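Below you'll find the structure, written out as structure tokens, and then a few comments.
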Amino acid sequence: MSDRKRPFEGNGESGTAKKLKSDATSLNGLGNGGAGDDLIAKKRAEIAAKIAAMKKNLPGSAAATPAATPPLATSSHAPSPSPGPGTPSTSDDLSRKVAEAKRRVAEAQSKLAVKDNPYMSLPQTGKNKNKPPEPAQQGAGLKMAAHPLLLDNTVPAPQSKKDRYKPMQPKFASIKANVRNAPTPPPAPTPAPIEAKANPYASGSTGPIEGGFEGAPKDRHGRNFRFNAKGKYVQLGNQMRQESQLEALKQRIAESAKKAGLDSEFETLEKNIRRDAPPQAEWWDAALLPNKTYDDLVMGISEMNIRKSKSPVDIYIQHPIPIPAPGDKNKIEMKPLKLTKKEQKKMRKQRRQAELQDRRDRIRMGLVPPDPPKVRLANLMKVLTSDAVQDPTRVEARVRREVTIRKHTHEKMNAERKLTDEQKKEKVEQKKAEEEKKGIYGAVFKVKTLSDPAHRFKVRKNAEQRSLSGVCIFNPGFSMVYVEGAAKFIKQYKQLLLHRIAWTEAARERGGSDVEIDNNNDDDAADKTKGKVRASADGDEGGTQVSLENNACWLIWEGQLRDRSFGNFKPKSCPTDSAAKEVLGAKLAGSAPISLAEITKLRNSYYSEEAEDASPISFESQFSLQALTAPLNWGLGQVPQTQIVAHVPGWTIFDRLYVLNGTTYIVTDSPDLVPDRRFMTSTAAPIRNGDEAKAQRLPTDKDMRVISTDEARKLFGTQADRMDGVSWIVNDPRQFITHYYHWSAELFFGMWRTYSSLDPAITPNGETSLPAPRRMIFPHIDAANWRDYSGMNEWVIYSTFPSIAMEFMNDWLERKSSARLVVYDRVVFADRAAGFHGTNFLRTQRTAANAFALPGSVNWWMPIRNSVVAFSGLSDAEGRAAIAGVASTPVITYISRQGWGRRMLIQEHHEKLVKELYKLRDTYGYEVNVVNMDKLSRKEQLQLAGRTTIMMGVHGNGLTSLLWMRPTPRSTVMEFFFPGGFAHDYEYTTRALGMVHYGFWGNTAFTRPDVPPVNYPEGFQGNEIPVDGELVARLCHERLTLSEEADD
């Protein structure tokens, strides 16, 4: 096989591969003859020509090579298959095919280069007009072209100096609602050509650039048409019509206020809201400036009141005295495990056995001397046998002496353990205080006649003994007893008044005999006189006698209260209803569980003046005889129209809203004044992204209809069941209800902001004239799915409105199935999906932001905040002192999420932050709390938030406690984000309450108005969130010393 292998053709000067075998050489085996030398010489010449062409940088070398190379000829000595005339040899055919392939590859590369590079598309002129384009250079080393993905060919947008330091904004819409407002994306950049540019560091140039010179300008491209999106001007028209409707509604409200004489109050409120001009010098700088103005700074630092005698700066350091937290005294100790009597005996037996065995072991080891024998006269002979026989008199005397000593020691120990009278009284008061910590409860009792002195004494004395406060009102018609105190004592007092006191028996005369004398009267005579005892109305013998025959006591109301309204228990004589109202009005105004007028109405319905001797009505039947709310009856007249009191997208207040078969009806003869129903309600479908989901949420006639009075008369009939008072209807799915933040900081937040717009005169103490809502209705949520996992939802609603009634989906369906028309006197209607159409929502992504377009008081949130904080047991004295300017210890609360598993700080940064906060505490005396909210009870969370001045933490549910902070110029919320991430959740809520919010990206802080756009980058939910502890501590100190102006 070796003789048939052709030799290597080449001298090592070029990198060409072996030539393919030909039939002439391989079959005949003639590879070393003279023809071979000629072929080698020709190949050398061909290679030299190629090298010369490459050095001269001649273009189109691939096409010129075959032309410059003579055709190969086989050796004349080798036999050939005698080709015909004009037929080329095998070598010529192979070379031509190779050249043709190279030419096609070069043309394909040139076309790609021209397509990708606009500079290569210029027309060619001159000598090189028909010259093929230069193929893309695919060199190596310095001639290797960069990959197109590594080249940034985008033209940077013009940027002003003001925008240069702003944070980078995302190039896409952050939420689905902003997709239509997102700017048109720029055209895709032209991909870089694959052809490599000339390298100045190479040994030679790669050739001239075709079609022009390097750096030539690009071709000018014409602008493309940009058509308006479908429905753009329709939307603008709808928006203009909506604005005109809102202006008309505001005009009507202003005219109504002017007619009612409230225009001056609105002007006064507007003047109060307007801020005064900045002072000549801030109060913290005024003492250092000679003329109390900042113009004194030109005088130099030497003229300032810093080193002078009148300077407020001295060499002394003030160390504030730490004040214990008010909540420390209200901490409830944990109760031990409740054991049965059998378990208690068993544990006591085991404990005593263990103690006895331990003492025996100590005695055996000689550590404790053994107890002396307990000798008595009964066992004298058994214990002291020999001694008792020898001298029985002496032994008996010793035994008696020991018995006397043991008795004296025992009595002395009992006397030492016995409590003194003061200690007994203190123990009783302590138990009363512990019972009162469990909650304050109240009860209202009605007594037909409270003229007997014994009955009066029992009512008053038992209330005092049980530390119950309240009032006992004596009225000619009946008497009322109102008591408040601990639940245990209220229960005992209720047992006394309802069961123990015999109200039909009068007190015995003083000085009378306690022994009953039998006068041999018949039983019938005794039965006749039983129950007909008469008592003196004035408590003496000369007063008017009042019969106690039908005297009785009833429990009218009992329930839980926020706090006490009376300091002690006092009896009051009120001959008229107006006098009773004066007694109750000062204490129970706005918070009385039942008014005297209602009790009078009950009394008039229970009894008749003509039938005084009628039998008393039972307690159970009292409530069945109460007058029900009369239905709204219009007969053959016009159906009362619905009034829209206030409206913004998602939040509406109606007067006389009708509901029939689950559909709400707005009755009006001016339908053009009613906003579009998609701004008021929806189908309550789950909120998801996408056009299909949006279409599913649009309301239909099954959800809400606007009808005229004539249509209402045909549809409704002549009357409707009336739901009196204020009702809150939440037309939301359960998707966002079972979350503490969405419940308190969005739903409840927006509900009260909408409702409080009706009272623009809410005081800083939270006093308002608005009545509490009677009921809260959830048509699409069942009773088991409205509480959050931490139990804060029910705490907030019941601490604010203790008497509110909750109705859910089953109740709504029951009313729907009854096919009865129901009219609500006043409704605050909330719909989350409808709020998505509001302008403020599109800016902040908070549905509650729409409600702030309504007028309202600056102190609108104080009634809710004060109620929740007071319900937790925290006195609001410290917060009121901060408003009045009285110095108090600032409280810094850091809500940690370490160990939560999601959105946590870097552990080293967390430790550094805690260290810096504790350094502030040690240096300036601030109170610092580092807490995990899930480890605290609801009461502890609210008490801590109510005292907090600065609250900080990673973006999370724990920051919802900022709702219960008291807004002051120093109140601040600091929120830690992953760098590049931001959300409006707690930032907007903080500003809506009048406090300052700071966001942190590692070692960068930002606040309003320089807040970044909403963004949720990768790592936003992660556990590697950085924060600069020194920056946070420095900003805390600046806020607490008011070195920066408060945020507007």
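Quick check: anything in region 839-852 surrounded by fewer than 18 Cβ atoms within 10 Å (Cβ to Cβ) and under 21 Å from residue 732 (Cα atoms)?
yes
Within region 824-833, can one find any residue that is in a helix (DSSP H, G or I), more than 25 Å from residue 784 (Cβ to Cβ) and of a type outside the set (A, V, I, L, M, F, W, C)?
There is no residue in region 824-833 that is in a helix (DSSP H, G or I), more than 25 Å from residue 784 (Cβ to Cβ) and of a type outside the set (A, V, I, L, M, F, W, C).
Name the residues in region 646-673 that are farther than 20 Å from residue 716 by Cα and either outside the structural domain of residue 754 (by TED's automatic domain parsing) or crowded, with 18+ Cβ neighbours inside 10 Å (or both), would you? Full working, then the answer.
Let us first name the residues in region 646-673 that are farther than 20 Å from residue 716 by Cα, namely 646-653, 672-673.
Selection gives 646, 647, 648, 649, 650, 651, 652, 653.
Within region 809-819, can you find the residues that are surrounded by 14 or more Cβ atoms within 10 Å (Cβ to Cβ) and out of contact with any His (no Cβ under 9 Å at 6 or more places or on another chain)?
Answer for region 809-819, where residues must be surrounded by 14 or more Cβ atoms within 10 Å (Cβ to Cβ) and out of contact with any His (no Cβ under 9 Å at 6 or more places or on another chain): 811, 815, 816.
For residue 903, work out the one condition from (1) part of a helix (DSSP H, G or I); (2) on the phi > 0 side of the Ramachandran plot it doesn't fulfil.
(1)
So residue 551 ticks every box in (1) at pLDDT 75 or above; (2) under 42 Å from the mean Cα position of the chain (by Cα); (3) surrounded by 14 or more Cβ atoms within 10 Å (Cβ to Cβ); (4) not aliphatic (A, V, I, L, M) but one. Which box is left unticked?
It fails just one condition, (2).
Right, residue 768: modelled with pLDDT under 90, within 23 Å of residue 991 (Cβ to Cβ), outside the structural domain of residue 987 (by TED's automatic domain parsing) and crowded, with 18+ Cβ neighbours inside 10 Å or not?
Criteria met by residue 768.
Can you tell me which residue is surrounded by the most Cβ atoms within 10 Å (Cβ to Cβ) among those in region 314-360 that are touching a residue at least 24 places away in the same chain (Cβ under 8 Å) and part of a loop (DSSP other than H, G, I, E, B)?
325
Being in contact with a strand residue (DSSP E or B) (Cβ under 8 Å, 6 or more places away or on another chain) and either in a loop (DSSP other than H, G, I, E, B) or small (Gly, Ala, Ser) (or both) is the filter here; which residues of region 743-761 pass it?
750, 757, 758
Inside region 212-304, counting only helices (runs of 4 or more DSSP H) that do not spill past its ends, which hold 3 or more residues that are modelled with pLDDT of 85 or more?
Result: 232-259, 283-286.
Residue 454 fails exactly one of the following numbered conditions: (1) surrounded by fewer than 11 Cβ atoms within 10 Å (Cβ to Cβ); (2) farther than 24 Å from residue 560 by Cα; (3) not aromatic (Phe, Trp, Tyr). What is the number of that condition?
It fails just one condition, (1).
Residues 630, 597, 684, 611: which one is modelled with pLDDT under 85, touching an Asp or Glu at 6+ places or on another chain (Cβ under 8 Å) and not charged (D, E, K, R)?
Criteria check complete, one pass: 597.
So which residues in region 799-817 are more than 22 Å from residue 735 (Cα to Cα), assigned to a helix (DSSP H, G or I) and touching a Phe, Trp or Tyr at 6+ places or on another chain (Cβ under 9 Å), if there are any at all?
Matches in region 799-817: 799, 800.
Pick out the one residue from 710, 724 that is over 17 Å from residue 794 (Cα atoms), in contact (Cβ under 8 Å) with a residue 24 or more places away in the chain and acidic (Asp, Glu). Break it down stepwise before answering.
Details: 710 fails: in contact (Cβ under 8 Å) with a residue 24 or more places away in the chain.
None of the other options fit; the residue is 724.
Name the one entry in 942, 993, 963 that is in contact with a Gly (Cβ under 9 Å, 6 or more places away or on another chain) and touching a residue at least 40 places away in the same chain (Cβ under 8 Å).
From the options 942, 993, 963, the qualifying one is 942.
Among the listed residues 773, 764, identify the single one that is within 29 Å of residue 685 (Cβ to Cβ), over 22 Å from the mean Cα position of the chain (by Cα) and in a loop (DSSP other than H, G, I, E, B).
Just one listed residue meets the conditions, 773.
The values are calculated or read from the model by the stated rules, or taken from the named source; none is laboratory data. Just so we're clear, the structure is a prediction, and the values are computed from it rather than from any experiment. Backbone-built Cβ (ideal geometry, glycine too); neighbour counts: all protein chains shown.
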